[in-house]
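These notes are about the structure you will find just below.
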Amino acid sequence: MSKEVIQTPQAPEAIGTYSQAVKISGGTTVYLSGQIGLDAATMQMVNGIEAQIQQVFLNLKAVASASGGSLNDIVKLNIFLTDLEHFSMVNEIMATYFDQPYPARAAIGVKALPRGALVEMDAVMVIGA
C-alpha cells in the first residue's frame, strides 16, 4: 500500500503531527483529518458555533477538492460537538453542503476540542467509484 499526502493552502495547515488528508494507493479512498473552525488565511478560530460549523464544512470542502473529490464523495462523516444541543444546527447547515444520499454519520459529544473549538469533523471519502 502506498499513501499520498494531501495538502492545500485553502484549508488550515496541520497543527500537529498529521496530514490534512491521506489518499490510499489506487487513489479511490481518502481519509480526511479532523477540521475545526480555523480560517485558513489567518489560522484563527472563527467566532460562534454557527460560524464554526460553516468553516468546518468549508475546510472539509477544500481538502476534498485538493484530493480530487467533493463533499458528495464523502461516505462517512464523524462530528464531534462540545454541546450536543447544536446537533440540529449541524443538520441544517450540512443540508446546504451535501446532496442526497447523505453519508453515513456519527455525532459524538466530547468534553473539549483543540484550540477551544466547539465542533470538529473528520471524514472518509471515496472518489472515482
Which count do you get for residues in the stretch 51-75 that are without any contact (Cβ under 8 Å) to a residue 60 or more places away in the chain, touching a helix residue (DSSP H, G or I) at 6+ places or on another chain (Cβ under 6 Å) and among the aliphatic types (A, V, I, L, M)?
1
How many residues are touching a strand residue (DSSP E or B) at 6+ places or on another chain (Cβ under 7 Å), assigned to a loop (DSSP other than H, G, I, E, B) and not aliphatic (A, V, I, L, M) when one looks only at the stretch 30-39?
1
For the stretch 34-46, indicate whether the set of residues that are closer than 25 Å to Gly128 by Cα and acidic (Asp, Glu) is non-empty.
no
Go through Gly16, Gly27 for me and flag whichever is loosely packed, with under 11 Cβ neighbours inside 10 Å, part of a loop (DSSP other than H, G, I, E, B) and at pLDDT below 95.
Gly16
Take the stretch 2-39 and flag every residue that is aromatic (Phe, Trp, Tyr) and free of Cβ contacts under 8 Å to residues at least 40 places away in the same chain.
Tyr18
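Consider Leu77 carefully, then state whether it is surrounded by 15 or more Cβ atoms within 10 Å (Cβ to Cβ), over 25 Å from Met1 (Cβ atoms) and either of a type outside the set (Gly, Ala, Ser) or under 14 Å from the mean Cα position of the chain (by Cα) (or both).
When the stated conditions are applied, Leu77 does not pass them.
Of everything in the stretch 1-13, what is in contact with a helix residue (DSSP H, G or I) (Cβ under 8 Å, 6 or more places away or on another chain) and either of a type in the set (Ser, Thr, Tyr) or surrounded by fewer than 18 Cβ atoms within 10 Å (Cβ to Cβ) (or both)? Give them in sequence order.
Matches in the stretch 1-13: Gln7, Thr8, Gln10.
The values are calculated or read from the model by the stated rules, or taken from the named source; none is laboratory data. Please read these numbers as outputs of a predicted model, since none were measured by experiment. Using ideal geometry, Cβ is built from the backbone for each residue, glycine included, and neighbour counts are taken over all protein chains shown.
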